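*Asks:* I have a structure I would like to understand better, so I am pasting it below and will then ask my questions one at a time.
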Amino acid sequence: MRSVAVAGVHALPPDQYWSLSLGDLILAAATPLLSGQDIDALFCALPSAAPVQNQADGAAIAADRLGLSPKIVQGADAGDASAGAALQLAWQFLGSGAVETALVIGAAKTSDLGEHDRQVLLDRLLDQEADENALSYAAQAGLLAGQYCQARTGNAERLASVTSSNLSAWSGECGRAAPSSAELRRDLVVAPPLVRSDFPQLLDGACAVLLTTKSARDCWTIESVGAGSDTVSLWERRDPLAFVAVEKAVTGAIDGTIPAWVEIDCGVSIAQRLTEDAILRVAKTKPDLVNIRGGSHGRGRVFGSSLLYQFGDIIDSRASFPSVLAVTVAGLGSRAFAARLGKSGT
Amino acid sequence: MNVVAAWRNRARALRGEFGQCQACRRYASVRRTRCARCGHTMTESKTVPLPQRMRAAGYSHRHTVVEVMDQSAAEAPFMLADGGDGQLFAFPLCESDARSGPLLVGEELELVLRRSEGELSPTEAIAYRRKLAATQSTRAKLKSQTKAEGRKP
């Protein structure tokens, strides 16, 4: 495989961009990366385009708005982990030598929806044919969290500590005080034992990552991308608490050792806790650093684009780690993608 | 609502039937080539009725919609229940037991057919779905417990 370098990342901070459309968001995120670049391939993660904007083939919309006509224009759909699928495609195409420069875009425009419908977007990550019992994503997450507390003889405090730790990392960025896990437990109950703060807020946003095989010094390179999948129906899995998809993705991305810095993106704190457990089973040791800026809990979650925002966090950071593992999980562990990044020249 | 899909799945859902692996007896709510637990081929598997009685293993309810604070009106309780061999099933809990949801964990529940929640127009047919409900003995046990503790049932 050829070496794949991250040549640039540009993102719109997650927010409610009521005056911007999905196409506008894509333009704003990707345009700064295009000057002087010859883009061979465009990979897009726009999983909210079909259900929210009634727009099929969002990749064609992105190519149109950006005035690009590369050899390859491809959309990737893995629900809220779609950026992982787009990145895996880009890495494979670049690594094989089929293309030299690729642009990966993730974007979501969800503020047009009410809160209930934004949560329905998450419900659609469940197996709709198996979902004859009409359980929502939040309710399933609540049941999973209850099972976790029973099985691990813990309590909801252990889940709140995930959120609290993420918010604490984020507060370091924006200079505000973060709530403690005890304070978080007093938030509105959403799906017992989970509270509102356990679910990162879904916001609008767009992020573009420029990847290239042209050699560069002192930059981050994507060393490998792993992926894994599992039975989508949570309760039909061999062990619902195992998050096997994460184990497979991480095993596929590492070369025996897990980097000391791990970025994790999930739709709910229980999924992050189970992802951490799955990584621990593979690595045997806990990472030194998880979510340098608090991940989606801190900044907010752009549906399907999180992995690209994690890249932004990694590149902007001055942390002195030679490598990072970025993991994104779809739904309640039905799919996962893991990318290992290394700093070239270290 | 997808009317065609609802019609397609109606009979099986009302009967409370799932596919079953012939090797490990694990139930599957959708058709797969292989069992999610043991990997045995499921192309020849048949649908069988779900266990009629289950042990409640967990409780939760539908999310709060914070924008409209729509918690009490749309609260829909759900139970996780053990079908007997460790396999868990998640079903809605019937409205009549909604207030006892957390107290039902560990108790015996039965699979019943109950009216589906949601507003209906005068021309719409009433829809039914499988739910879990406390058995008579469970209700009696909870009642005697709440009486002993001096609480309102």
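*Asks:* Mind counting the residues in the stretch B:21-33 that are surrounded by fewer than 19 Cβ atoms within 10 Å (Cβ to Cβ) and either free of Cβ contacts under 8 Å to residues at least 60 places away in the same chain or in a strand (DSSP E or B) (or both)?
*Replies:* 7
*Asks:* In the stretch A:93-116, which residue that is touching a residue at least 24 places away in the same chain (Cβ under 8 Å) and part of a helix (DSSP H, G or I) is surrounded by the most Cβ atoms within 10 Å (Cβ to Cβ)?
*Replies:* For the stretch A:93-116, the residue satisfying everything is A:Leu94.
*Asks:* Evaluate the following for A:Ile39: is it of a type outside the set (Asp, Glu), in contact with a Lys or Arg (Cβ under 6 Å, 6 or more places away or on another chain) and within 19 Å of A:Val9 (Cβ to Cβ)?
*Replies:* Here the answer is no, as A:Ile39 does not meet what is asked.
*Asks:* So in the stretch B:36-48, with the set limited to residues that are more than 22 Å from the chain's Cα centre (by Cα) and within 12 Å of chain A (Cβ to nearest Cβ), which one is surrounded by the most Cβ atoms within 10 Å (Cβ to Cβ)?
*Replies:* Among those residues, the one meeting the criterion is B:Met42.
*Asks:* Which ones in the stretch A:275-293 are out of contact with any Asp or Glu (no Cβ under 7 Å at 6 or more places or on another chain) and crowded, with 24+ Cβ neighbours inside 10 Å?
*Replies:* Listed by number, the residues that qualify are A:Thr275, A:Ile279.
*Asks:* Determine which member of the set A:Ala11, A:Ala62, A:Ala45 is under 27 Å from A:Val324 (Cβ atoms), in contact with a helix residue (DSSP H, G or I) (Cβ under 8 Å, 6 or more places away or on another chain) and free of Cβ contacts under 8 Å to residues at least 60 places away in the same chain.
*Replies:* A:Ala62
*Asks:* Here's another thing I want to ask about it. Tell me the residue from A:Leu66, A:Leu46, A:Leu20 that is within 21 Å of A:Leu307 (Cα to Cα) and aliphatic (A, V, I, L, M), please.
*Replies:* Only one candidate passes the filter, namely A:Leu46.
*Asks:* Shifting gears a bit: Could you grab the pairs with beta carbons closer than 7 Å, sequence gap of 6+ or different chains, first residue in the stretch A:303-327 and outside any strand (DSSP E or B), second one exposed (fewer than 15 other Cβ atoms within 10 Å of the Cβ)?
*Replies:* Correct list of pairs: A:Pro322/A:Thr346.
*Asks:* Go through (1) assigned to a helix (DSSP H, G or I); (2) touching a Ser or Thr at 6+ places or on another chain (Cβ under 8 Å) one by one and return the number of the condition A:Cys149 breaks.
*Replies:* Evaluating A:Cys149 over (1) assigned to a helix (DSSP H, G or I); (2) touching a Ser or Thr at 6+ places or on another chain (Cβ under 8 Å) leaves (2) as the failure.
Listed here are the residues, each with its yes/no results for (1) touching a Phe, Trp or Tyr at 6+ places or on another chain (Cβ under 9 Å); (2) of a type in the set (Lys, Arg); (3) touching a residue at least 12 places away in the same chain (Cβ under 8 Å); (4) closer than 24 Å to A:Cys149 by Cβ.
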{"residue": "A:Gly226", "(1), (2), (3), (4)": "yes, no, yes, no"}
{"residue": "A:Asp230", "(1), (2), (3), (4)": "yes, no, yes, yes"}
{"residue": "A:Ser233", "(1), (2), (3), (4)": "no, no, yes, yes"}
{"residue": "A:Pro259", "(1), (2), (3), (4)": "yes, no, yes, no"}
{"residue": "A:Val262", "(1), (2), (3), (4)": "no, no, yes, yes"}
{"residue": "A:Val268", "(1), (2), (3), (4)": "yes, no, yes, yes"}
{"residue": "A:Leu289", "(1), (2), (3), (4)": "yes, no, yes, no"}
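*Asks:* Going by what's in this entry, would B:Ala125 be described as surrounded by fewer than 16 Cβ atoms within 10 Å (Cβ to Cβ), hydrophobic (A, V, I, L, M, F, W, C), closer than 30 Å to A:Leu202 by Cα and modelled with pLDDT under 80?
*Replies:* Answer is no for this residue.
*Asks:* I would also like to ask the following. Which number in (1) small (Gly, Ala, Ser); (2) assigned to a strand (DSSP E or B); (3) within 21 Å of A:Leu94 (Cβ to Cβ) marks the one condition that A:Ala216 misses?
*Replies:* (2)
*Asks:* Would you check if A:Ala338 is in a strand (DSSP E or B) and over 24 Å from A:Ala160 (Cα atoms)?
*Replies:* Criteria met by A:Ala338.
*Asks:* Now for a different question. Take the residues of the stretch B:1-45 that are of a type in the set (Val, Ile, Thr) and more than 18 Å from A:Asp230 (Cβ to Cβ): which is modelled with the lowest pLDDT?
*Replies:* Going through the qualifying residues, I end up with B:Val3.
*Asks:* Which numbered condition trips up A:Val232, out of (1) within 22 Å of A:Asp127 (Cα to Cα); (2) in a helix (DSSP H, G or I); (3) touching a Leu at 6+ places or on another chain (Cβ under 9 Å)?
*Replies:* Here A:Val232 meets the rest and fails (2).
*Asks:* Separate question: Identify the residue in the stretch A:201-250 that is of a type in the set (Val, Ile, Thr) and out of contact with any helix residue (DSSP H, G or I) (no Cβ under 6 Å at 6 or more places or on another chain) and, among all such residues, is nearest to the other protein chains (Cβ to nearest Cβ).
*Replies:* The extreme case among them is A:Thr231.
*Asks:* Right, another one. From the list A:Leu125, A:Leu135, A:Leu143, pick out the single residue that is within 10 Å of chain B (Cβ to nearest Cβ), crowded, with 21+ Cβ neighbours inside 10 Å and part of a loop (DSSP other than H, G, I, E, B).
*Replies:* A:Leu135
*Asks:* Go through the residues of the stretch A:270-282 one by one and say whether even a single one is part of a loop (DSSP other than H, G, I, E, B) and of a type outside the set (Gly, Ala, Ser).
*Replies:* No, because not a single residue in the stretch A:270-282 is part of a loop (DSSP other than H, G, I, E, B) and of a type outside the set (Gly, Ala, Ser).
*Asks:* Under the condition of being surrounded by fewer than 19 Cβ atoms within 10 Å (Cβ to Cβ) and in contact with a helix residue (DSSP H, G or I) (Cβ under 9 Å, 6 or more places away or on another chain), which residue from the stretch A:148-164 is farthest from the other protein chains (Cβ to nearest Cβ)?
*Replies:* A:Ser161
*Asks:* Here's another thing I want to ask about it. In the list A:Val162, A:Val120, which residue meets the criterion of being assigned to a helix (DSSP H, G or I), modelled with pLDDT under 85 and of a type in the set (A, V, I, L, M, F, W, C)?
*Replies:* A:Val120
The values are calculated or read from the model by the stated rules, or taken from the named source; none is laboratory data. Only a predicted model underlies this, so the values are computations on that prediction, with no experimental measurement involved. Positions of Cβ are backbone-derived with ideal geometry, glycine not excepted, and every protein chain shown enters the neighbour counts.
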